[in-house]
Amino acid sequence: GRAAPIVIDQEGGRVQRLRPPLARDWPAPLDHVAAAGPQAERAMYLRYRLIAEELRGLGIDCDCAPMVDLARADTHAFLKNRCYGTEPETVARLGRAVAQGLLDGGVLPVLKHIPGHGAATQDSHVELPRVSLPAEKLDAQDFAPFRALSDLPLGMTAHIVYDALDADPATLSPKVMQMIRQDIGFSGLVMTDDIGMKALSGPLPSIVARALGAGCDVILHCNGSLPDRRSVAEAAGRMSDAAQAR
């Protein structure tokens with residue numbers, strides 16, 4: 001059968017996993033966009049076309065970018081310099097350039113963090129963020145870049161509670177997942193963000209079951225002991241027919 005894809009987070013800034021001499025060292029995306037000015041779209045395309053070349057050379061064929069979360073004045077520092085801008089149209093345009101650069105280099109892009117992490121003022125690695133903006137504002141701003149890029153093949157959820165939508169974090173919420181599929185129109189394969197992050201609480205098998213029940217296709221578990229990894233794999237089981245089709 002076909003080999004399983006190898007996925008990496010390689011977007012520059014804090015989450016660049018490969019460093020010299022294996023790969024170029026990139027500035028944070030928000031800084032790169034500012035420095036490129038009117039050439040930002042071309043710069044981001046070339047950046048990710050080069051990243052794709054480096055990844056393919058190492059046998060890696062999927063990258064967790066573009067990240068089209070909208071930067072705001074109070075966006076948490078862990079995320080802000082990884083963003084591409086503050087306006088939905090600009091972020092969507094640059095996100096498209098990032099995705100195309102990866103695709104042209106033979107690497108599948110992962111759109112994240114659906115439906116938008118930029119309004120969060122907490123770090124989801126250490127706590128569960130809550131966003132209290134009205135649904136209309138979220139839809140017109142934070143969700144807009146994801147709608148513009150809803151044709152991309154893979155996406156990653158946000159571990160965030162949107163008070164206007166549901167009391168559960170997006171990753172575990174059937175209501176939010178339905179909104180992602182129907183209103184945002186994303187029909188690709190959806191993976192969770194890392195379920196080992198502190199934003200999600202409870203036993204790992206329970207988190208797996210809730211995420212799959214909400215509508216996620218794939219569980220992402222980045223760090224953990226061998227027993228933890230085994231429990232996650234056993235709870236996830238085989239991919240559903242719908243997930244395999246995607």
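For the structure I just gave you, tell me whether I207 is more than 18 Å from H117 (Cβ to Cβ) and surrounded by 18 or more Cβ atoms within 10 Å (Cβ to Cβ).
On the way: more than 18 Å from H117 (Cβ to Cβ): yes; surrounded by 18 or more Cβ atoms within 10 Å (Cβ to Cβ): yes.
So I207 fits the description; yes.
Restricting to the stretch 168-214, give me the number of residues that are part of a strand (DSSP E or B) and free of Cβ contacts under 8 Å to residues at least 60 places away in the same chain. Before you say what the answer is, go through the steps one by one.
Here is the first cut: in the stretch 168-214, the residues part of a strand (DSSP E or B) are 189-191.
From what's left, free of Cβ contacts under 8 Å to residues at least 60 places away in the same chain: 189.
Qualifying residue count, the stretch 168-214: 1.
Quick one: which helices (runs of 4 or more DSSP H) lie wholly within the stretch 55-162 and hold at least 2 residues that are over 30 Å from P21 (Cα atoms) and at pLDDT 95 or above?
Per the criteria, 88-104, 135-140, 144-148.
In the stretch 137-152, which residue that is open to solvent by 60 Å² or more (accessible area, probe 1.4 Å) and charged (D, E, K, R) is nearest to C62 (Cα to Cα)?
Ranking the candidates gives D151 first.
Hey, any hits in the stretch 187-194 for a residue that's of a type in the set (G, A, S), surrounded by fewer than 23 Cβ atoms within 10 Å (Cβ to Cβ) and modelled with pLDDT of 95 or more? Give the steps one after another, and end with the answer.
Just the residues of the stretch 187-194 that are of a type in the set (G, A, S), to begin with: 187-188.
Filter again for surrounded by fewer than 23 Cβ atoms within 10 Å (Cβ to Cβ), leaving 187-188.
Those left that are additionally modelled with pLDDT of 95 or more: 187-188.
Looking for residues that are of a type in the set (G, A, S), surrounded by fewer than 23 Cβ atoms within 10 Å (Cβ to Cβ) and modelled with pLDDT of 95 or more, one finds at least one in the stretch 187-194, hence yes.
Just to be sure before I move on: is A52 outside any loop (DSSP other than H, G, I, E, B) and surrounded by fewer than 22 Cβ atoms within 10 Å (Cβ to Cβ) in the structure I sent?
Considered against the rule, which asks whether it is outside any loop (DSSP other than H, G, I, E, B) and surrounded by fewer than 22 Cβ atoms within 10 Å (Cβ to Cβ), A52 comes out as no.
The values are calculated or read from the model by the stated rules, or taken from the named source; none is laboratory data. Just so it is clear, the structure is predicted and the values come from calculations on it, not from any experiment. Using ideal geometry, Cβ is built from the backbone for each residue, glycine included, and neighbour counts are taken over all protein chains shown. Side chains are part of the model used for accessible areas, which takes the heavy atoms of the whole protein and leaves out ligands, DNA and RNA. Shrake-Rupley method; radii C 1.70, N 1.55, O 1.52, S 1.80 Å.
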